[in-house]
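Asker: Sharing a structure with you now.
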Amino acid sequence: MKKAVYTFLLVSLIIFVSCTNKEQPIVETYVSNEITIPKGFVLEDLYTPKDHEQGSWVAMTKDDQGNLYTSDQFGHIYHVTLPNSSNKLRGIVVKKLDLNIGLAQGLLWHKGVLYVLVNSNVRRDLFIHSGFYKIMDSSGDGALDKVQALRIFKGSFGEHGPHNILLSPDKKDLYLVLGNRIKIPEEIQSYAPRIWDEDNIIPSIKDPSGHVNEIKAPGGWVAKVNIETEEWIVHNVGMRNTYDIAFNQDGELFGFDSDMELDLGMPWYRPIRLCHFTSGSEFGWRSGSGKFLPEYPDNLPGIANLGQGSPTGLIHGEGLKFPSYYQKGLFLFDWSYGTMYFASLTPKGSSYDVEITQFLSGVPLPLTKGIVGDDGAIYFLTGGRRLESKLYRLKYEGDKPNEVIQLAEHEGGKKERSLRKELEVLHTKKDASKIDFILSNIDHEDRFTRFAARTALEQQDYNLWKNEINKNKSHNSTIALSIAIARSGNDSDKENALNKLVEIDWTSFEESKKIDFVRAIELLLIRKENTINASLKSRLVHILLPEYLKSSAVVNKELCKTLSFLQGSEIIESTLTAMESGEEDKSQKCLYLSSEISQRSEQYGKQVEEMLENMPNAQHVSYAKSLGVITEGWTKELRTRYFDWYSKALQRSGGKSYAQFIRAIQETALANVPIEDRQFFEALASEALRDVNNFAKGAKQPNGPGQNWSVSSVKEAYSKNRKNANFENGRDYFKASLCANCHSMNGVGRNIGPDLSKVGTRFSIEDLAEAVVDPSSTISDRYRYDTYHMEDGRMVTGKVIEEDKGALQISTNAFAPDLKTIIRKSRIDSKEESLVSPMPPGLFNRLNEQELTDLLAYLVAGGDKNNKVYKN
């Protein structure tokens, strides 16, 4: 008995010691070569390419002797011989590879061959297409002398093209990471089912800057290329612009994906993030506002968010002569903020939890690429975009043990990873005998496993599993099958799946399952070719509405989208109340960098800091975008509240496209406003309204109640009340009724429309009444708009502001002249004069009889209280 007790105590002590002695990162730092590094590490500045007119280096690999190949982003490839005991060199020797190849962003040496990913641009001395190449020693003399193209990528990709190359752990395959400007060739087989689409239930708003708006799903991708057969297969998709990838000791693939800095402050903003690139995985990048939320079940999330930056290099620590903590994780390079992060991975299910720490940083320190050297040091480059470039070596000389350890596969999660990989085999293999195995895992508790299972299911014969949803499945299985049917099935099966979903009582689900449930409905509605019948539509609204604004922010966001799509006008008022609350969206702050890091970037840091000081509510932006598609159920008061929100939103700070995105959301919503009210409501949402608010500062607002004034009722009201007219009130109502937004009166107001200072001397009350009640009855040529009929069926109405050889810039609204639309002349079918005045009717409808009279008296007097017209 005592022996058993002693044994128990000894085991407990061992467990306690092992837990309390958990490896930790080194937190104490010092500065070397103007770079902050952990204590015990030594940094050496080895080489400066620009000192030798060798450009700015962005790619690197090592050969069998431990020497390096590097490439200038806009120039040649170089061989770098490092001094060692065998060559007895006193310094680095760099030689240009004298071949017609360069411009590489990816280099890999394997078995005497240098593999190259070229991202081409125009150079007089290098004529080479973007593509995948190998450089060989054809003569056997030890010198690379032959270039062979393996695959050419047609087009111009900027910095969103071919990036890096990685050798698989079994050394049989190469993995190539490719940016979102490279379209996946049709003939390539894919682990990810080739049924990807935009999949946004509310129409996506394209990037106002025009960035990659022409690019459709699925965005960036990783290709797996067999070295022997040269067969290509798509490994995973849906990234924005991942630059580098790395394997860990478990043979799992990771990538460091980029953000879109123009999206800062928007609900679709996605920070830079470390992603676990499993077979067939999809990460949901779409252009503009179409990016998937990480919570969507039809994509996978990043396993760590890192805020803002420009991800470049990614290396695993295996082989480093560093303390063991740093040999077991990933080093992540951020170009724009000059920071190298370290990611410590702990197995969780079939994926990982991640702890991120800063490893080193500098200002500036445009990190590009790193490798593990044969000497156990990290060799890394800075440069890119023609910036000053350097080659550094980082080694450890501290007092912690730093011998290279043999990394075994993590025991934690091994069973889960094995199950996921068994499913992944079925991503390219059709096997009817495995359908039951797949189905048993589509509701697996591990997200990466159930994603792998659904992907495997979608790769099988649809007829073998389409009727499984009719069986007595778990709720989770029904949801997963619904998503698969949405992506693979016909309209009849999609409607059947919707009917199955509406039978589920989902109100008690945990939040993540609620998201899955609503997203399954979204996908079925998006992918259905024909609209659903009224009965099913009503049932969907009935089951979704009770949970709206009672759930998490993400669930509420998706419910607002889906209910808006279903024209559930019941949500309008409650959503507007939520939007008017003024509450801060605290959930978004975790996506952004601390000021300590943001200050390292002159290009992006200030923008992030300004946004954090005046942050928009991204949840409310999402609500506004969704409500804009509802066409019925609005009252004048509700629309006014809705469009008033835009003026508040425009006072917030975001990315460079923030204001343009807000305006684009507004313009989309305006398309569903009756034409007679459209310009009035646009004014409430435009930046120009700030000028109106300045005019109206301190002005008395009308009390009403107003009415729909006619010419005769205006004349009658003025005749009855003119002797009691109040000049000061009339001046206030001139500002409050938006007159000053377009018209000037004795220098007060804007000059978009006619100056009204002399209106009282030229027009009668009846003329004024008709001009306000029915402004389209008479339109001056000077202020008339033109309507352009475009070849795609669109109509653009407005006034030409600027014109060049190929395009017109059209100001589309008199209230907001800074809102412009650019149209190509070559795409205009016809042009005609617009019969609708830029001035909307009903501007006086807020005013009661006396208030209307006060305003008319002010107009007749020309803004001059001493005018005898006013006195009489």
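The values are calculated or read from the model by the stated rules, or taken from the named source; none is laboratory data. What you see is a predicted model; the values in this text were computed from it and never measured. Note: ideal-geometry Cβ built from the backbone for every residue, glycine included; neighbour counts use all protein chains shown. Keep in mind that these areas ignore ligands, DNA and RNA; they rest on the heavy atoms of the full protein, side chains included. Shrake-Rupley method; radii C 1.70, N 1.55, O 1.52, S 1.80 Å.
Asker: I need a count of the residues in segment 818-859 that are open to solvent by 20 Å² or more (accessible area, probe 1.4 Å) and modelled with pLDDT of 80 or more.
Answerer: Initially, segment 818-859 is screened for residues open to solvent by 20 Å² or more (accessible area, probe 1.4 Å), giving 818, 820-822, 824-833, 835-836, 839, 841-842, 845-846, 848-850.
Those still in the list that are modelled with pLDDT of 80 or more too: 821-822, 824-832, 835-836, 839, 841, 845-846, 848-850.
Residues meeting the conditions: 20.
Asker: Do we find a residue being more than 29 Å from residue 329 (Cα to Cα) and touching a helix residue (DSSP H, G or I) at 6+ places or on another chain (Cβ under 7 Å) anywhere in segment 225-232? Reasoning before the result, please.
Answerer: Within segment 225-232, the subset more than 29 Å from residue 329 (Cα to Cα) is 228-231.
Checking the rest, the ones that are also touching a helix residue (DSSP H, G or I) at 6+ places or on another chain (Cβ under 7 Å) come to none.
No; the residues of segment 225-232 include none that is more than 29 Å from residue 329 (Cα to Cα) and touching a helix residue (DSSP H, G or I) at 6+ places or on another chain (Cβ under 7 Å).
Asker: Let me ask you something else. Residues being hydrophobic (A, V, I, L, M, F, W, C) and farther than 17 Å from residue 332 by Cβ: count how many of those fall in segment 343-376.
Answerer: Going through segment 343-376, the residues hydrophobic (A, V, I, L, M, F, W, C) turn out to be 343, 345, 354, 356, 359-360, 363, 365, 367, 371-372.
Applying the additional criterion that residues be farther than 17 Å from residue 332 by Cβ yields 363.
Selection size over segment 343-376: 1.
Asker: If I ask for residues that are part of a strand (DSSP E or B) and of a type outside the set (Val, Ile, Thr), which ones from segment 23-43 would you list?
Answerer: Scanning segment 23-43 gives 30, 32, 38, 41, 43.
Asker: Is it fair to say residue 257 is within 21 Å of residue 166 (Cα to Cα), open to solvent by less than 20 Å² (accessible area, probe 1.4 Å) and among the acidic types (Asp, Glu)? Show your work before the answer.
Answerer: Numbers: within 21 Å of residue 166 (Cα to Cα): yes; open to solvent by less than 20 Å² (accessible area, probe 1.4 Å): yes; among the acidic types (Asp, Glu): yes.
Considered against the rule, which asks whether it is within 21 Å of residue 166 (Cα to Cα), open to solvent by less than 20 Å² (accessible area, probe 1.4 Å) and among the acidic types (Asp, Glu), residue 257 comes out as yes.
Asker: Out of all the residues in segment 571-583, which are over 19 Å from residue 540 (Cα atoms) and either in contact (Cβ under 8 Å) with a residue 60 or more places away in the chain or not in a helix (DSSP H, G or I) (or both)?
Answerer: 573, 576, 579, 580, 581, 582, 583
Asker: State the number of residues belonging to segment 457-474 that are surrounded by 19 or more Cβ atoms within 10 Å (Cβ to Cβ) and either out of contact with any helix residue (DSSP H, G or I) (no Cβ under 7 Å at 6 or more places or on another chain) or in contact (Cβ under 8 Å) with a residue 60 or more places away in the chain (or both).
Answerer: Residues meeting the conditions: 2.
Asker: Out of (1) within 28 Å of residue 797 (Cβ to Cβ); (2) assigned to a loop (DSSP other than H, G, I, E, B); (3) modelled with pLDDT of 85 or more, the odd one out for residue 706 is which?
Answerer: Every condition holds for residue 706 apart from (3).
Asker: When you scan segment 216-231, how many residues do you find that are more than 11 Å from residue 184 (Cα to Cα) and open to solvent by 20 Å² or more (accessible area, probe 1.4 Å)? If you could, list the steps in order and put the result at the bottom.
Answerer: Residues of segment 216-231 more than 11 Å from residue 184 (Cα to Cα): 224-231.
From the residues that got through so far, the ones that are open to solvent by 20 Å² or more (accessible area, probe 1.4 Å) too are 224, 226-231.
Here the count works out to 7.
Asker: Sticking with this structure for a sec: What do you reckon, is residue 631 free of Cβ contacts under 8 Å to residues at least 40 places away in the same chain, among the hydroxyl-bearing types (Ser, Thr, Tyr) and surrounded by fewer than 23 Cβ atoms within 10 Å (Cβ to Cβ)? Give the steps one after another, and end with the answer.
Answerer: Working: free of Cβ contacts under 8 Å to residues at least 40 places away in the same chain: no; among the hydroxyl-bearing types (Ser, Thr, Tyr): yes; surrounded by fewer than 23 Cβ atoms within 10 Å (Cβ to Cβ): yes.
Answer is no for this residue.
Asker: Quick one: how many residues across segment 778-794 are in contact with a helix residue (DSSP H, G or I) (Cβ under 6 Å, 6 or more places away or on another chain) and either modelled with pLDDT under 80 or open to solvent by 50 Å² or more (accessible area, probe 1.4 Å) (or both)?
Answerer: Summing the residues that are in contact with a helix residue (DSSP H, G or I) (Cβ under 6 Å, 6 or more places away or on another chain) and either modelled with pLDDT under 80 or open to solvent by 50 Å² or more (accessible area, probe 1.4 Å) (or both) in segment 778-794 gives 1.
Asker: Oh, and also: Confirm whether residue 145 is touching a residue at least 12 places away in the same chain (Cβ under 8 Å) and either surrounded by 17 or more Cβ atoms within 10 Å (Cβ to Cβ) or in contact with a helix residue (DSSP H, G or I) (Cβ under 8 Å, 6 or more places away or on another chain) (or both). Steps first, please.
Answerer: Values: touching a residue at least 12 places away in the same chain (Cβ under 8 Å): yes; either surrounded by 17 or more Cβ atoms within 10 Å (Cβ to Cβ) or in contact with a helix residue (DSSP H, G or I) (Cβ under 8 Å, 6 or more places away or on another chain) (or both): no.
No; evaluated as a whole, the condition is false for this residue.
Asker: Taking the residues in segment 800-817 that are open to solvent by 30 Å² or more (accessible area, probe 1.4 Å) and not in a loop (DSSP other than H, G, I, E, B) as candidates, determine which candidate is modelled with the highest pLDDT.
Answerer: This residue is 809.
Asker: If you don't mind, there's one more thing I want to ask. Restricted to segment 260-288, and to residues that are modelled with pLDDT under 95 and among the charged types (D, E, K, R), which residue is nearest to the chain's Cα centre (by Cα)?
Answerer: The extreme case among them is 263.
Asker: Do you know which of the residues in segment 360-391 that are among the basic types (Lys, Arg) and more than 16 Å from residue 43 (Cβ to Cβ) is farthest from the chain's Cα centre (by Cα)?
Answerer: Here is the first cut: in segment 360-391, the ones among the basic types (Lys, Arg) are 369, 385-386, 390.
Next cut, more than 16 Å from residue 43 (Cβ to Cβ) only: 369, 385-386.
Values: 369: 25, 385: 23, 386: 27 Å.
Among residues in segment 360-391 that are among the basic types (Lys, Arg) and more than 16 Å from residue 43 (Cβ to Cβ), the one farthest from the chain's Cα centre (by Cα) is 386.
Okay, residues lined up against (1) touching a residue at least 24 places away in the same chain (Cβ under 8 Å); (2) within 22 Å of residue 241 (Cα to Cα); (3) surrounded by 20 or more Cβ atoms within 10 Å (Cβ to Cβ):
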| residue | (1), (2), (3) |
| --- | --- |
| 111 | no, no, no |
| 119 | yes, yes, yes |
| 129 | yes, yes, no |
| 155 | yes, yes, no |
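Asker: When segment 44-55 is examined, which residues are found to be at positive phi and surrounded by fewer than 19 Cβ atoms within 10 Å (Cβ to Cβ)?
Answerer: Step one: filter segment 44-55 for residues at positive phi, giving 53, 55.
The one that is at positive phi and surrounded by fewer than 19 Cβ atoms within 10 Å (Cβ to Cβ): 53.
Asker: Taking segment 389-400, which residues are in a loop (DSSP other than H, G, I, E, B) and in contact with a strand residue (DSSP E or B) (Cβ under 8 Å, 6 or more places away or on another chain)? Give the derivation first.
Answerer: Going through segment 389-400, the residues in a loop (DSSP other than H, G, I, E, B) turn out to be 389, 397-400.
Matches in segment 389-400: 389, 397, 398.
Asker: Looking at (1) over 23 Å from residue 101 (Cα atoms); (2) open to solvent by 20 Å² or more (accessible area, probe 1.4 Å); (3) touching a residue at least 24 places away in the same chain (Cβ under 8 Å), find the lone condition where residue 212 falls short.
Answerer: Here residue 212 clears every test but (2).
Asker: Taking into account only those residues within segment 56-109 that are of a type in the set (Gly, Ala, Ser) and part of a strand (DSSP E or B), which is surrounded by the most Cβ atoms within 10 Å (Cβ to Cβ)? Spell out the reasoning first.
Answerer: First pass over segment 56-109, keeping only residues of a type in the set (Gly, Ala, Ser): 56, 59, 66, 71, 75, 85-86, 91, 102, 104, 106.
Next cut, part of a strand (DSSP E or B) only: 59, 71, 102, 104, 106.
Values: 59: 28, 71: 30, 102: 23, 104: 33, 106: 27.
That would be 104.
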